[in-house]
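Colleague: Have a look at this one.
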Amino acid sequence: MDTGDTAWVLTATALVLFMTPGLALFYGGLVRSKNVLGTMMHSIAAIGLVSILWVLIGYTLAFGPDIGLVIGGLDHIGFAGVGAEPSPLAPTIPHSTFAMFQMMFAVITPALIAGAFAERVRFRGYLLFVAIWSIAVYAPLAHWVWGGGFLGAAGLGAIDFAGGTVVHISAGASALAAALYVGKRTGYPGGMFVPHNVPMVILGASILWFGWFGFNAGSALAAGGLASSAFVATHLGAAAAMIGWLIPERIRHGKATTVGGATGAVAGLVAITPASGYVGPLAAIAIGLAAGIVCFLAVELKQRLRYDDSLDAVGVHLVGGLVGALLTGVFASLAINPAGADASLAQVGRQAAAAGVTLVFAFVATLVILKFVDRTVGFRASEDEEETGVDLIEHGELAYVFRERDRTPGRAPLDLGEAELAVLREQLVLEATARVMESMRTDVEEQESALD
């Protein structure tokens, strides 16, 4: 047991947890104002729901004793045997620390999928989807790659340091399935589907960048040279991808946007994730640049393919994850991590096979889960509900309330109907106009008094 390693992994666990509220802000800023709370709740609710499921069943399926290279056994159901003693998978830290660190990966992964169907799904359907997906898709994938399954060192030999396949390709493939199943938002692409709060997007991306150091460097599971190397690669991958996105955006659209810069950085973080513990600084820059360019082109292609991936979960996480997984095989070095592999055509093939298995499994399983959820509790909101906004329909709240309309005891301002809201908007405009006119009149009077 090493106290330094334990301290670092506990810190990294907190950093990865912090990424999920960061994702809530990132996604929340990208949607229209009437859907910001519902979109943020997709991330926040995942923290509560998946954390409980991870303790009850998810962890043991992912990291319990291997059964046929396919799934973990039930030895750790309810965190049984997960205490202060180390795990064989992390011999220098408490088993509970390792399990909690892995929990945070399980939490954020289904929340990433929500970017594909933002602004048009029911909250109860989302919760059921996340519950099933985290057990039936995420846990097996984590076992296949990290828990002794057939894609990792015990089988195929693909390498994934921190979640390129387990987290990003699985989430991106599931996002594609969800976008196709749910269909387009009402009015898309002809309506005004623009981010309502760009500073919120920047803040969310910044928190993600900050937390990603725990995501990748923490995956070394020790405080040492490998963690430091992953830390360096993580930062350089994100920085290079931001540039890799902004340059073609400037060429294509004539402007380098703040949303583009933030999205490019996230794409780089996605791509460097599987490679972060296996590549040096120059390779990290190359991976980041490639991810920025390719993910930008993928998001642009979305318009031609005419599917509605609301917040570009497919273009960033699926495409970025694929870029990172394949380029890990191109740039990996045993000099960086003796437990990894050297770059070779054979390793690229292993990476491609693991990515393909993950993509197909997650895509098909997600379609099945969505069909079940839709038939049981419903998934897609109606057109009228979508027009009103999921904030009011699903949560009975508004993100931005600047004054109370009705002070009658027992009557909340959020009880207003559409007609009353229209009257309220008109009153606010009239009151604002009156204040401006009064200010102008006061200025004129003051000027006349000065002349007298």
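Every number in this text was worked out from the coordinates using simple rules, so none of it is lab data. Everything numeric in this text was worked out from a predicted model, so none of it was measured. Virtual Cβ from ideal backbone geometry, glycine too; neighbours counted across all protein chains shown.
Colleague: Give me the distance between the Cα centres of region 25-86 and region 165-241, rounded to whole Å.
Modeller: 17
Colleague: Check which residues have an amide H placed less than 5 Å from Val121's amide H, if you skip close sequence neighbours.
Modeller: For Val121, whose amide H was placed from the backbone, the distant partners under 5 Å are Ala381.
Colleague: Something else about it: About the Cα centre, and with charges only on the beta carbon of Lys, Arg (+1) and Asp, Glu (-1), how big is the dipole of the chain? Nearest 20 debye, please.
Modeller: Roughly 1280 debye, rounded to the nearest 20.
Colleague: What angle do you read, to the nearest 10 degrees and between 0 and 90, between the alpha-carbon axis of helix 319-331 and the longest principal axis of the chain?
Modeller: Compared with the principal axis, the helix lies near 30 degrees.
Colleague: Among 439-446, 392-399, how do they line up from the highest to the lowest mean number of other beta-carbon atoms within 10 Å?
Modeller: Ranking, from highest mean packing down: 392-399, 439-446.
Colleague: What per residue convex hull volume, in Å³, do the alpha-carbon atoms of the chain yield?
Modeller: That works out to 194 Å³ per residue.
Colleague: Sticking with this structure for a sec: Per DSSP H run of n ≥ 4, the term is -39500 (n - 2.57); total these for the chain, divide by its residue number, and report the mean residue ellipticity at 222 nm rounded to 500 deg cm²/dmol.
Modeller: Mean residue ellipticity at 222 nm (helix-derived): -21000 deg cm²/dmol.
Colleague: Give me, ordered by chain and number, the residues 5 or more places off Asp66 or on other chains with an amide H under 5 Å from its own placed amide H.
Modeller: HN-HN under 5 Å from Asp66: Gly73.
Colleague: Then there is this: Enter the angle in degrees (range 0 to 90, nearest 10) between the Cα long axis of helix 3-30 and the first principal axis of the Cα atoms of the chain, meaning the one along which they spread out most.
Modeller: Taking the Cα atoms of the chain, the angle to 3-30 is about 40 degrees.
Colleague: Rank Ala346, Ala153, Leu367 by how far each Cα sits towards the positive end of the charge dipole of the chain (+1 on Lys, Arg Cβ; -1 on Asp, Glu Cβ) and give me just the farthest.
Modeller: Of Ala346, Ala153, Leu367, it is Ala346.
Colleague: Once phi is turned into θ = phi - 60°, what whole-Hz ³J(HN,Hα) does the Karplus curve with 6.51, -1.76 and 1.60 give for every residue of region 195-206, x standing for Gly and Pro?
Modeller: x, 8, 8, 5, x, 5, 4, 5, 4, x, 5, 5
Colleague: Using alpha carbons only, how many degrees (0 to 90, rounded to 10) separate the axis of helix 36-53 from the longest principal axis of the chain?
Modeller: So the inclination is approximately 30 degrees.
Colleague: With a 10 Å Cβ neighbour count serving as the proxy for reagent exposure, in which order, fewest first, do Met103, Met242 appear?
Modeller: Met103, Met242
Colleague: Please find the FRET efficiency linking Ala352 to Leu430, where r is the Cβ-Cβ separation and R0 is fixed at 51 Å, and quote it to the nearest 0.05.
Modeller: Plugging the Cβ-Cβ distance into 1/(1 + (r/R0)^6) gives 0.20.
Colleague: Let me ask something else. What ³J(HN,Hα) values, in whole Hz, does the Karplus curve 6.51 cos²θ - 1.76 cosθ + 1.60 give for region 132-147 when θ = phi - 60°, with x put for Gly and Pro?
Modeller: Residue by residue, region 132-147 yields 5, 4, 5, 8, 8, 10, 5, 4, x, 4, 4, 5, 4, 9, 10, x Hz.
Colleague: Work out, step by step, the length gained on full extension between Ser33 and Arg124: first 0.36 nm times the residue separation, then minus their alpha carbon distance; give nm to one decimal.
Modeller: Extra length available between Ser33 and Arg124 comes to 30.7 nm.
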